[in-house]
Amino acid sequence: FWRKDVNQNGAVEPDEVAYLWGVRPTSSAEEWTDGRTFLKAFTAAYLQMLEVRQNGYPRQQDPAEQRRRELVRQELAQGRPTLLESDFRRGSAEDQAIVAHVLRAAAIIEGLFASQNGVAGLDARIPADDPASRMLFYRNQGPFCEQPGTEQDRDCGALPGGAKKLSGLYPVALQQDPGFCADLEKSKDRASLLDPFAVVREAGQGKLRAVPYSVAYHSDMARVSRELTAAADAIHSKEEGALKTYLLAAARAFRNNRWQPADEAWARMNSTNSRWYLRIGPDETYFEPCAEKAGFHVSFARINQDSLAWQQKLDPLKTEMETTLAAMTGPPYQARRVSFHLPDFIDIILNAGGSRYAAGGIGGQSLPNWGPVANEGRGRTVVMTNLDADDDSKARYLEKAGSLFCAASMQYVNSDPRLENLSVILHEAAHNLGPSHEYTVDGRVDGDIFGGPLAAMLEELKAQTSALYFTDWLVQKQIIDDGTALEMHVGDIAWATGQVAQGMYDADGKSKAYSQVAAVQLGTLIDSGAVAFESGAEAGNGKDRGCFQVNPAKLKPAIEALERRVLHIKGAGDKADAGQLMASYVDDTGHWRDLRGVIAERWLRVPKTSFVYSVR
């Protein structure tokens, strides 16, 4: 990756090149540079690039293969690589050892996540002369196209002849039935078969059995455990005692599949007792068809000390935030004692496995999702502050917003990432407030009531709508002013348009949780008049005709009404009203779908950020 033209001479030079984690050459013969000079492999690759630039890509004799490769390049072109670079060459021996072992563990996690997704080893089918498909496989963590312009085309993919998308978490035969997830939910063995930390395997005679992750993935999990133990053994400073305790607890969890002790150790880490942030293990469920199994991932970062200021402002308000949501939720939900950590700001070093997205990235995360730490509100929340903070990302954001918002509303558009950070803080904090994953109605948790995909969407809808609500609430508390709140709201509306542009379902009909959240919110704001599409008005970019106008006076009542509705749905387990939300805004075939087409066409003109990582 040519990180920067340092001396501005227009020529790439050895000290301006960063190796990307995950795609770095594995042999010295493939190395491009030693840091001082370019090597033979670089010259060969550079000449190949020039050849393509001048003469185009070589044509394939097989028309089907020619089209596949063209689609692969279209898929890649919908993302624009953005480098997150970390340099520990001047760090202490302890720091360097921690980084080295975590990076090795992260590489193994990538393989575990590939196994869960059913794509491990498929990259062996990629032609040797097809580096674009190899990059697609790496970026998308599999051979399938994911971007809106190509994901619906079955010919798009990294493998000649294609591949069928099959999860590695369930038997192949079981997945032949499109309704297999619903059947598992109705099974008398539901509790074990849908345990988030177990795979489902055939047991003979048409029976199924649950196999713990530590058994199903024994070899790889043992390797991760060894790396985490080695990282802990490298820590000798008293200042990193909390990190050492977590590393050892996580190492044990990778061997025995008991994640609660690791969660306890992890929850005790914070911005005051460690300079590092690390979460490694199985957590989120969005990646798999039933949205029940926890996906392996790594988020590795350094603590950004700016978080302390917001923690000091918001920490005294946590209990009041919970009682506020409880009152809006209504019976049978009752306010509970909350003791979660307010978000830490972190500067990402590396995301791997389920945390590494093909395009875009999560701005924050609240974990864990299960167990006493989650249920008792003792989880940990983080905001990734160095994502989309570079000048190129800000410029792309303003370009996209300018194509959708009317000129009058563009005055409220602010690309300062600190506004987005505060919104993410509120979103992630809200995961620990009100009715959450382990809250029960008549003894049933949300997954039992709504089914996995809808439950996952509703939890994100609660968190994001609560972020909108608490933005105005902070104005009442005189923590932010009206102008800041309005800019945050418009930023969240812009976020919603970007999510809507991605479509509601993937090529296999799997729900896109954030897209559906955004559709419900944006559709509700339009119906309330808080946002209006002015078909004859000129967009802020001075080019497009037809744009969204924001009515600030109607935003607050519209947000509060949606907040009450969403909280009631979760608090009462009202599946019928949840279905009405889906019918009105997610699966609607009326004017709202037409507006989605406008949003997608304009938002997707600009390639999405695709984060790549370099760690030295």
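Using heavy-atom solvent-accessible surface (probe 1.4 Å) with all chains present, what is the largest-first order of THR285, THR272? Please report the intermediate quantities before stating the final value.
On the way: THR285 15, THR272 110 Å².
Result, largest first: THR272, THR285.
List the aspartates and glutamates whose Cα lies under 12 Å from the Cα of LYS400, skipping any in the same chain that are fewer than 8 positions away.
ASP544, GLU601
Mind listing the Cα extents of the range 474-616 along all three principal axes, in Å, largest one first?
50, 43, 42
How many angstrom lie between the Cα centre of the range 482-546 and the Cα centre of the range 547-587?
So the separation of the two Cα centres works out to 14 Å.
Could you work out what % of the accessible surface of the range 458-567 is carbon and sulfur, using a 1.4 angstrom probe and leaving DNA, RNA and ligands out of the count? Let's see the in-between values first.
Values: 1710 of 3710 Å².
Carbon and sulfur atoms account for 46 percent of the accessible area of the range 458-567.
Need one word for the chain: rounded, prolate or oblate. Basis is the Cα gyration tensor (sqrt eigenvalues a ≥ b ≥ c); a/c below 1.5 gives rounded, then a/b vs b/c decides. Before the final figure, lay out the partial values.
Details: a/c = 1.28, a/b = 1.14, b/c = 1.13.
Rounded is the answer for the chain, as its axis ratio a/c remains below 1.5.
Whole-Hz Karplus ³J(HN,Hα) for the range 10-15, in order, using 6.51 cos²θ - 1.76 cosθ + 1.60 and θ = phi - 60°, x for Gly and Pro?
Couplings: x, 10, 6, 9, x, 7 Hz.
When 1/r is averaged over all different Cα pairs and the result inverted, which Kirkwood radius in Å belongs to the range 53-185?
Working: mean 1/r = 0.0571 Å⁻¹.
With all distinct Cα pairs of the range 53-185 included, I get 17.5 Å.
Sort LYS165, LYS575 from largest to smallest accessible area, using a 1.4 Å probe on the heavy atoms of the protein chains.
Details: LYS165 90, LYS575 110 Å².
Order by accessible area, largest first: LYS575, LYS165.
Quick one: what are the phi-derived ³J(HN,Hα) couplings along the range 186-192, Karplus 6.51/-1.76/1.60 with θ = phi - 60°, whole Hz, x for glycine and proline?
Along the range 186-192, the couplings run 8, 5, 5, 9, 3, 4, 7 Hz.
Check cross-link reach from LYS186 to the lysines: straight Cα distance under 28 Å, and skip same-chain residues fewer than eight apart.
Once the sequence-local lysines are set aside, what remains near LYS186 is LYS164, LYS165, LYS207, LYS293, LYS462, LYS510, LYS512, LYS570, LYS575.
Below 8 Å, C-alpha to C-alpha, sequence gap of six or more: please give me the relative contact order for the range 164-320 in percent.
Working: 184 pairs, mean separation 27.5, N = 157.
So the answer I get is 18 percent.
Classify the range 149-238 as rounded, prolate or oblate from the Cα gyration tensor: take a ≥ b ≥ c as the square roots of its eigenvalues, call it rounded if a/c is under 1.5, otherwise prolate when a/b beats b/c and oblate if not.
Details: a/c = 2.68, a/b = 1.36, b/c = 1.96.
Judged from the Cα gyration tensor, the range 149-238 comes out oblate (a/c at least 1.5, b/c at or above a/b).
Of all the accessible heavy-atom surface of the range 39-154, with the other protein chains kept in place and a 1.4 Å probe, what percent is carbon and sulfur? Provide the component values of the computation, followed by the final result.
Details: 3350 of 6290 Å².
For the range 39-154, the apolar C and S fraction of the accessible surface comes to 53 percent.
What percent of all Cα-Cα pairs in the range 387-430 falls into each 5 Å bin, going from 0 up to the bin containing the maximum distance?
5, 21, 24, 22, 18, 8, 2
If you rank PHE1, PHE137 by how much accessible surface each has, with a 1.4 Å probe, what is the order from largest down? It would help to have the intermediate numbers written out before the result.
Details: PHE1 75, PHE137 25 Å².
Output order, biggest surface exposure first: PHE1, PHE137.
Provide the descending list of Cα extents for the range 138-191 along its principal axes, expressed in whole angstroms.
Principal-axis extents of the Cα atoms in the range 138-191, largest first: 40, 21, 19 Å.
Could you tell me which of rounded, prolate or oblate describes the range 291-349, using a ≥ b ≥ c as the square roots of the eigenvalues of the alpha-carbon gyration tensor, with rounded for a/c under 1.5 and, failing that, prolate when a/b is larger than b/c and oblate otherwise?
Numbers: a/c = 4.03, a/b = 1.36, b/c = 2.96.
Oblate.
For the range 146-234, with every protein chain kept in place, what is the accessible area per residue (1.4 Å probe, Å²)? Don't skip to the answer; put the middle values down first.
Values: 4530 Å² over 89 residues.
The answer is 51 Å² per residue.
Can you give the % of DSSP beta bridges in the chain that are antiparallel, to the nearest 5? Provide the component values of the computation, followed by the final result.
Working: 36 of 48 bridges.
Just about 75 percent of them are antiparallel.
Please list, in chain and number order, the residues 5+ apart from SER610 or on another chain whose amide H is under 5 Å from its amide H, with Hs placed from the backbone.
Amide H neighbours of SER610: ARG80, THR82, GLY360.
Using the heavy atoms of the protein chains and a 1.4 angstrom probe, tell me the accessible area per residue for the range 415-553 in square angstrom. Please list the in-between numbers first.
Working: 4500 Å² over 139 residues.
Ligands and nucleic acids excluded, the figure is 32 Å² per residue.
The range 85-156 to the range 419-455: how many Å between their Cα centroids?
Centre-to-centre (Cα) distance: 30 Å.
Jot down the radius of gyration and Dmax of the range 188-234, Cα atoms only, both in angstrom.
Here Rg and the maximum Cα pair distance are 14.8, 50 Å.
The values are calculated or read from the model by the stated rules, or taken from the named source; none is laboratory data. No experiment lies behind these values; they were computed from the predicted model shown. All accessible areas refer to the heavy atoms of the entire protein, side chains included, with ligands and DNA or RNA removed. Shrake-Rupley method; radii C 1.70, N 1.55, O 1.52, S 1.80 Å.
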